[in-house]
Amino acid sequence: MLRAALALLVLGPQLAMAQQVGVAGRAIRVTARDTTPLAGAMVVLHRISASQQGPLDSMRAGADGRFNFRVAPDSQALILASTRYSGIEYFSRPTRVAPGRGDASLLIVAADTSSTAPISMAARYVVLSRPAQQGVRGVLDLVVMQNRGDATRVAPDSTQPAWTMRLPAGLAGFEVGDGELSPAAVGLSGDTMTVSAPLSPGERQLVVSYTLPSDRRTIDIPFDFAADSVVILAEEDGASVTTPGFTRSSDQSIEGRTYRRFVATGVRPGVVKVRVPVTGAMGKWLAPALATVMALVLLVATLASLRRRR
């Protein structure tokens, strides 16, 4: 027993080291027509799991921008690397490291900054749910922003956002969902969504939800930017997209609910109009109208009965 305990004491750290896997990658900077390594950049490795969130280790990248960490495998955790450049923290994509399998493909892409770097819309998905009893219609809005340039879009000053986009007028209950931007970086000013976070080259997904009054016959969805592709999903059977360029596609099922699907490509800036049944407005006069009709029916039936008796 004593020998086994001593062996475990001596060999334990070596065995733990042998079980670790490599997590490696490269830190680069985007230039006008090429990329250059971020030589000597300080790279921080992060772990995100249900029980632990925070930095694991750090090291200086080599002259070629490469870094290499050794970590204990954990298939339930996410591992990602970051580095700071020009005051902005840039992250690699997250990865999982299982026992016996590492990852050597982490890439951190940094860039110079500009308050005028163009941001386009690669895609947009708008889901319009059937009106609820509260007289509102739930909307899920997923936007895929794309920075096709070589500079990170930043705010011109501390009082202005880095990027804005109008949403349908009269919305309420605005919330930020699970996307690639922190909810703290996304806000609402009137009917305009604001983003204060820097937008580096590449794509970023932003998911928000809100409600609209259910008494609208036409829902106007503003498009401040051209969109490569747009998908409108409407739950009601009578819904349709009246804006030219949209075609009806096969229905889509989401969590047991069926939605009409309308798709378009190359949507220009403007307004996309969705026509829906006016269930909300109808509800205001439908009940009294039905009560009146039923009263008339009963009155006619009563008079007819009296006549037959006479």
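Bear in mind that the values in this text are calculations on the coordinates, not laboratory data. Keep in mind the model is a prediction, meaning the values are calculated, not measured. Note that each Cβ is placed from the backbone with ideal geometry, even for glycine, and that neighbours are counted across all protein chains shown.
Key figures for this structure:
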read-out	value
Proportion of all alpha-carbon pairs of the range 153-213 beyond 12 Å (%)	68
Packing rank of 80-86, 222-228, where each peptide gets the mean count of other beta carbons within 10 Å, highest leading	80-86, 222-228
Span from the the range 92-114 Cα centroid across to the the range 46-70 one, whole angstrom	9
Charge dipole magnitude, Cβ of K and R +1, D and E -1 - the range 120-283, Cα centre, debye nearest 20	500
Peptide ranges 131-139, 64-72 listed from the most packed, as the mean C-beta count within 10 angstrom indicates	64-72, 131-139
Peptide ranges 261-269, 208-216, 23-31 listed from the most packed, as the mean C-beta count within 10 angstrom indicates	23-31, 208-216, 261-269
